Every structure is written in C-alpha cells, then in structure tokens.
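Worksheet: one structure, shown below.
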Amino acid sequence: MTRLLVRDFVIRKSYLSPAAQAAVIEALRPVLKAAPPFTPETPLGKPMSVRMTSAGALGWIADKTGYRYAAQHPKGIDWPAIPDPVLAIWHDLTGLARTPDCCLINYYGEGARMGLHQDKDEADFSYPVVSVSLGDDGLFRIGNPTRGGRTESLWLNSGDVVVMGGPARLSYHGVDRIRFKSSRLLPRGGRLNLTLRVVE
Ligand SMILES: O=C(O)CCC(=O)C(=O)O
Ligand SMILES: [Fe+2]
C-alpha cells in the first residue's frame with residue numbers, strides 16, 4: 001500500500017484489498033438495482049460516455065439545463081443510502097465525523113472517458129473529494145487549479161483511492177481511457193469510480 005503525492009492529489013495505491021473490493025461491489029449491487037445508471041447529457045445536448053448514478057441524500061445529474069445536485073434520480077427515485085463499506089473509506093481517509101451527502105457512481109464501459117474538469121458544484125471546497133477506483137485500469141490525468149498548462153498522467157488500478165483536498169481540491173482532472181477487461185472484478189468488464197462529496 002503506497003501513498004503517492006502528485007500535484008497535491010494523494011494517491012493511495014491498493015488501499016482496498018481484493019476482498020475489500022469485492023465487498024464494496026457486493027454492497028453496490030442493490031444500489032445499482034434501485035437507482036440504475038443513466039447516460040447524462042451535457043448542457044449542449046451531447047451524451048456523456050460515462051454512465052452515472054448516485055447514492056446518498058443528493059445525486060449529481062447533468063442535462064440540458066446544466067450540472068447540479070438533485071434529491072432524486074431522473075426517473076423520480078430517491079437515491080439509495082451510501083453503503084457502509086464505502087462510508088468507512090471516507091471516514092478513514094478524511095478523519096472527518098461528517099458523512100458525505102453524495103456518492104457519485106461512474107461506470108466506464110469500453111471506450112468511455114471523462115474530459116478534464118474541476119469538481120466545483122459543491123458549496124464548501126474545504127471538504128475533500130475521495131475517489132475510489134474499482135475494476136478496469138483507468139488513465140487518470142491531473143492538471144492545474146486553473147485551465148491549461150502541463151498535465152501529468154498515471155494509471156489508477158482497482159482498489160486505488162485518490163483524495164483531492166487542500167490545494168488540489170479545485171484542480172483539473174479527467175480520465176483519458178480505460179483498459180477494457182484488464183480486471184476481473186466486474187464480470188462484464190468496465191471501470192467503476194465512486195466519488196464521495198460533501199455537497200452542502
Ligand atoms: O473516474 C475518475 O477517476 C474520476 C471521476 C471524476 O473526476 C468525477 O466524477 O468528477
Ligand atoms: Fe471530477
């Protein structure tokens with residue numbers, strides 16, 4: 001279990017053992033059933049390649065009116081609770097008593113990616129974002145607190161956890177590509193990423 005620091009992003013390699021990864025997947029199963037991942041649309045009407053859903057009091061959604069947190073899934077379903085093994089990661093790595101309002105669940109199928117962006121729809125940037133990688137490897141790109149400039153990339157593997165806090169909280173980041181079927185955690189392949197956030 002190594003800890004890397006890349007531009008103030010804390011990267012905990014192999015934070016979750018294979019057994020712990022399997023336990024998180026098991027705990028996510030009912031969540032994905034209750035609130036099925038959907039394809040968000042950017043405000044320009046373009047479908048995103050990543051499919052998304054959420055757990056927690058609030059979920060992140062995107063559609064023609066913009067990006068925002070909402071109390072319900074687009075199909076009018078309440079978001080399921082954030083599973084305990086996921087909350088445990090948050091509390092262990094942040095040391096905070098406060099629980100996150102949102103666990104955004106991103107599913108990257110073959111060919112999916114996420115462009116460079118900042119996470120800035122939350123009210124208080126003093127809280128970190130904790131990001132858990134499960135399944136196929138993802139090529140994570142780290143930029144700067146402002147748009148442009150040089151970037152650095154590294155592969156995130158299943159069980160790695162990234163903490164974006166402090167000076168990195170508003171840094172640009174994205175996922176260029178995944179190595180489809182590089183992991184056997186998800187029987188049908190793909191990458192699941194969980195981001196835990198305090199929203200309000
Ligand atoms: O998939 C990842 O590793 C990053 C996801 C992300 O940046 C986000 O959901 O805002
Ligand atoms: Fe992000």
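Values quoted throughout were computed directly from the atomic coordinates according to the rules given, and no laboratory measurement underlies them. Bear in mind that the values here come from a model prediction, so they are computed numbers and not experimental data. Note: ideal-geometry Cβ built from the backbone for every residue, glycine included; neighbour counts use all protein chains shown.
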Subject >> Convex hull volume per residue in cubic angstrom - Cα atoms of the chain >> reply: 114
Subject >> Ranked list, fewest to most other Cβ atoms within 10 Å of each Cβ, for Glu41, Glu152 >> reply: Glu152, Glu41
Original post:
Ordered by residue, what ³J(HN,Hα) values in Hz, to whole numbers, does region 42-54 give under the Karplus form 6.51 cos²θ - 1.76 cosθ + 1.60, where θ = phi - 60° and Gly and Pro are x?
Top reply: 6, x, 7, x, 8, x, 7, 7, 8, 9, 9, 8, 9
**OP:** Just add up the charged neighbours of Thr195: K/R +1, D/E -1, any other residue whose Cβ is under 11 Å from the Cβ of Thr195.
**Re:** -1
Original post:
Amide H to amide H, which residues 5 or more places from Val198 or on other chains are under 5 Å from it, using H placed in the peptide plane?
Top reply: Asp101
Original post:
When Lys and Arg each count +1 and Asp and Glu each count -1, what net charge do the other residues less than 12 Å away from Tyr172, Cβ to Cβ, add up to?
Top reply: +4
Original post:
Can you work out ³J(HN,Hα) from phi for every residue in region 81-88, in order, using Karplus 6.51 cos²θ - 1.76 cosθ + 1.60 and θ = phi - 60°, giving whole Hz and x for Gly and Pro?
Top reply: 5, 6, x, 3, x, 7, 4, 4
Original post:
So for the pair Arg147, Leu170, with labels modelled 7 Å out along Cα→Cβ, what separation do we get in nm?
Top reply: 1.5
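If you take the Cα Rg of region 21-80 and divide it by 2.2 N^0.38 Å, with N the number of residues, what do you get?
For region 21-80, the normalised Cα radius of gyration is 1.17.
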**OP:** Per DSSP H run of n ≥ 4, the term is -39500 (n - 2.57); total these for the chain, divide by its residue number, and report the mean residue ellipticity at 222 nm rounded to 500 deg cm²/dmol.
**Re:** -4500 deg cm²/dmol
